[in-house]
1. Regarding the range 69-80, can at least one residue be identified that is in a loop (DSSP other than H, G, I, E, B) and closer than 24 Å to residue 144 by Cβ?
2. Just to be sure I understand, how many residues within the range 82-122 are under 18 Å from residue 64 (Cβ atoms) and either touching a Gly at 6+ places or on another chain (Cβ under 7 Å) or not in a loop (DSSP other than H, G, I, E, B) (or both)?
3. When the range 63-111 is examined, which residues are found to be of a type in the set (Phe, Trp, Tyr) and in contact with a helix residue (DSSP H, G or I) (Cβ under 8 Å, 6 or more places away or on another chain)?
4. Please verify whether residue 95 is among the aliphatic types (A, V, I, L, M), at pLDDT 95 or above and under 12 Å from the mean Cα position of the chain (by Cα), treating the condition exactly as stated.
5. What are the residues in the range 60-92 that are buried (at least 19 other Cβ atoms within 10 Å of the Cβ) and of a type in the set (S, T, N, Q), if any?
6. Given the options 145, 160, name the one that is farther than 30 Å from residue 12 by Cα, at pLDDT 95 or above, polar (S, T, N, Q) and surrounded by fewer than 17 Cβ atoms within 10 Å (Cβ to Cβ).
Amino acid sequence: MSKASKKASTIDIGISDADRKKIAAGLSRMLADTYTLYLKTHNFHWNVTGPMFQTLHLMFMAQYNEIWMAVDTVAERIRALGYPAPGTYKEFAALTSIKDSNGVPNARDMIKQLVAGQEAVTRTAREVLPVAEKAGDQPTVDLLSARMEVHEKNAWMLRSLLEE
């Protein structure tokens with residue numbers, strides 16, 4: 001048994017070790033998606049150009065700032081469940097469902113990629129939700145619900161910019 005497993009097994013918060021492990025694994029995927037989306041959004045904030053520069057520059061900044069705060073919240077929930085939070089590019093790359101971008105896309109493609117990223121985080125949260133619900137892990141359920149609401153709203157706002 002690894003040191004992390006021994007430490008995790010001493011936690012008695014009313015959620016079984018097996019359920020805590022499953023929830024932490026799901027939250028680790030969500031953390032990787034969230035961090036990857038943060039990085040992509042910040043990159044696009046720096047590199048956006050074109051007639052919608054000011055609007056997109058400010059929108060991307062608002063979104064990456066909000067996402068940055070969520071990274072910490074998700075990581076701390078993993079820690080509260082007794083597991084180490086992934087925190088390296090290598091770990092995030094292995095866990096994320098968000099595709100990396102090549103080069104600097106045009107503004108419209110940036111928006112499309114960010115819609116896809118927002119939706120990916122939502123899907124990951126939605127996959128973890130029933131595991132947390134079944135285990136009676138209300139703090140994780142609340143966290144996932146709140147994150148889904150934010151990411152669904154962000155996707156909607158971004159998507160509206162793509163309409164003609």
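1. Kept after step one, since they are in a loop (DSSP other than H, G, I, E, B), are these residues of the range 69-80: none.
Checked the range 69-80: no residue is in a loop (DSSP other than H, G, I, E, B) and closer than 24 Å to residue 144 by Cβ.
2. Residues meeting the conditions: 18.
3. Looking only at the range 63-111, we keep the residues that are of a type in the set (Phe, Trp, Tyr), and these are 64, 68, 83, 89, 92.
Of everything in the range 63-111, those that are of a type in the set (Phe, Trp, Tyr) and in contact with a helix residue (DSSP H, G or I) (Cβ under 8 Å, 6 or more places away or on another chain) turn out to be 64, 68, 83, 92.
4. Numbers: among the aliphatic types (A, V, I, L, M): yes; at pLDDT 95 or above: yes; under 12 Å from the mean Cα position of the chain (by Cα): yes.
For residue 95, the condition - among the aliphatic types (A, V, I, L, M), at pLDDT 95 or above and under 12 Å from the mean Cα position of the chain (by Cα) - is met.
5. Correct list: 63 only.
6. On the way: 145 fails: farther than 30 Å from residue 12 by Cα.
Going through 145, 160 in turn, just one is farther than 30 Å from residue 12 by Cα, at pLDDT 95 or above, polar (S, T, N, Q) and surrounded by fewer than 17 Cβ atoms within 10 Å (Cβ to Cβ): 160.
The values are calculated or read from the model by the stated rules, or taken from the named source; none is laboratory data. The shown structure was predicted, so the numbers you read here are calculated from the model rather than taken from an experiment. Glycine also receives a Cβ, built like all others from the backbone with ideal geometry; neighbour counts cover every protein chain displayed.
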